[in-house]
1. Could you please state how large a percent of the accessible area of the range B:5-239 is carbon and sulfur, counting protein chains only and using a 1.4 Å probe?
2. Rounded to the nearest 20 Debye, what is the dipole magnitude of the range B:5-239 about its Cα centre when Lys and Arg each give +1 and Asp and Glu each give -1 at the C-beta?
3. What accessible area per residue comes out for the range B:5-239, rounded to a whole number of Å², with a 1.4 Å probe?
4. Within chain A, which complete DSSP H helices have Cα atoms spanning at least 18 Å along the helix axis and a mean Kyte-Doolittle hydropathy of 1.0 or higher?
5. Excluding the sites themselves, what is the longest stretch of chain A that contains no trypsin sites (Lys or Arg not before Pro) in a DSSP loop with at most 16 other C-beta atoms within 10 Å?
6. What are the principal axis extents of the Cα atoms in the range B:103-184, in Å, biggest first?
7. Of all chymotrypsin sites (Phe, Trp or Tyr not before Pro) in the range A:109-194, which ones are in loop regions per DSSP and have a Cβ with at most 14 other Cβ atoms within 10 Å?
8. Gaussian network model of chain A, Cα springs within a sub-10 Å range: biggest mean-square fluctuation belongs to which of A:Ala38, A:Ala22, A:Ala110?
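The values are calculated or read from the model by the stated rules, or taken from the named source; none is laboratory data. Note that the structure is predicted; figures quoted are calculated from it, not measured. Methodologically, a virtual Cβ is constructed for each residue, glycine included, from the backbone with ideal geometry; neighbour enumeration extends over all protein chains shown. Note: accessible area is taken over every heavy atom of the protein model, side chains too, but ligands, DNA and RNA are not part of it. Shrake-Rupley method; radii C 1.70, N 1.55, O 1.52, S 1.80 Å.
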Amino acid sequence: MEMFLQSLVSGVLTGTLYAMIAVGLTIVFGVMRIINMAHGEMVMLGMFGAYWSYSLLHLDPFLSLLLWMPAMFAFGMVVYRFLLRKIIPGGELNSLLYTAGLSLLIANLALLLWTGDYRNINLSYGMLPARPFGISVSVPLAIAFALAMVITTLLSLFLSRTDTGRAIRATAQNPEAAALMGIEVGRIDMITFGLGTALAGASGVLLAPSLYLYPTVGEILIVKCFVIVVLGGLGSIPGAIAGGVLLGLVESLGSVYISVAYKDGIGFVLFLLVLLFRPKGLFGVGRS
Amino acid sequence: MPKFALPGLLVAVFIAAPLLSTHSFVHHLLIMVLFSTLLGLSWNLLGGFAGQVSFGHSAFLGVGAYTTLLFYLKLGLSPWLGLVAGGALAMVVAVPIGLICFRLRGPYFSLATLAVAEIIRLVALNWEELTAGPQGLIITHLPALSLFGQTVNWESKLPFYYLIALLALLGMGLTHLVARSRLGAYLLAVREDLESAEAVGIDTVLTRVLALALSAMLVGLAGGFYGLYFRYIDPDAVFSVALSVEMVFIAVVGGIATTAGPIVGAIVLVSISETFRSQFQSGHLIFYGLFMMLVIRYLPDGIWGRVRLALKQVRER
């Protein structure tokens, strides 16, 4: 029973962070209809950002979020404006291949700059014993979880309460109609891509103290992200959150009760089953 | 131009190319170019003609490689039969995969192929009784074989060169045939507009499964060749996402839905990887990414596709 609760808790904690990455991917898809294959690399950049500001400037990784989240937002807008904008009208498959190229480019530039060594951030409070109700919880992961909740809540408030947020949702629903209502779709696309990138970067920063970081970590993360957004329905934010937590739970329970070796396999099988039988996601809210 | 001039010329070039140099590194490069050509040709059958972008083609390469090596190591079957068996088995495996994945469209199909390839890689890593898991399989020596009264020297690169040249020609021949056949027309129809293709009575699932099976057969053969040439395979090498992406690269850079494009793509790929591999490891991947982006942005028909267009314009003038 204790083991069950333990894996339940760690599943929810990691799942929430997965969810945050997936939300970034899904809002970009919702508005622009592109699947950003380089999304995992944005997470990687966030992780390395946190690593460098910690090891060079001794900035606490969670505090460095204030630096890296805006930086990644700007980076995303630049990538959209100068690299992606001309590609998107060429169709879904072109942008899929293009972002796959971008992902190779970023990951291997990082490999060249920072080598493939595994690095980690050793926080002074990283090893503190925290055992609420007899379940051991890693402190950095718990902080990351709390911040991820805050950021995701702020995002949904932004999308529902502000004019720009409403414009983003309108563009996701129908770009032509949105343009007719006087929304500058190009600007909204750029902001959305920036937001998606900022979310990816922020989750990278939050994950950095809990994971080993290396330049090709994005590969694994993006595949997990695909699983999540398909589970939740592509384009849907609540779906991505639910899918993230679900995948976190499946992975942590699966590695305890089924097999560690096939932990990732379970996710993929689930992914295929959902794609086949519920292509709009488990909750039927995505676009197929 | 007589009908057989171009293919005849190609065969002559393929036969003569390795004779220009006795350097075994040159032979190795030629082998890698033709091996990559075969990969690109096969991906192109499905991704180019039918517009179904697969990110999981290494699954079939791995199936071919493992079949060839396991038949030889465990059953003592001649590797040459094993090679054919590898192609055949890849084709068989492709049918259920196709029936599942082709229920999905566009990017969803791409994601599904990625997942299928990862599942197969995980199975290969963990099914140790059959595949020896992460240790991989090694061939120490190849059986003696005589051809035209001479024993084939497996330490030389030449026999491998002619083997892969034969396979690449097979791939080009098959692509050419498909492109001019009814199947080719169906595939184009599927690529351009799936609904309309269905509306005019094309069985789009069958068409795509057929294209996938042919494509898988070619990659399976290439996989068998890979196993015999490098004499070592392991799941992370032959089932890797990186290999699948290389196949995409070759076809896209060379020219989607062309017969000769993959040769161009393969030459670009091998030149990039050989130039930069020695300077800094994995540096070539930076340029793969960069090239892919540049080609999609500025030459959406690929290098060969653009050349072909230019030639056509010159002829019409």
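1. 69 percent
2. Using Cβ point charges on Lys, Arg, Asp and Glu, the range B:5-239 gives about 340 debye.
3. Dividing the accessible area of the range B:5-239 by its residue count gives 42 Å².
4. A:2-32, A:65-79, A:92-114, A:139-161, A:185-207, A:217-232, A:237-257, A:263-277
5. My reading of the result: A:87-286 is the longest stretch.
6. 53, 44, 17
7. Those satisfying the criteria are A:Tyr118, A:Tyr125.
8. Result for chain A, Cα springs under 10 Å: A:Ala110 fluctuates most.
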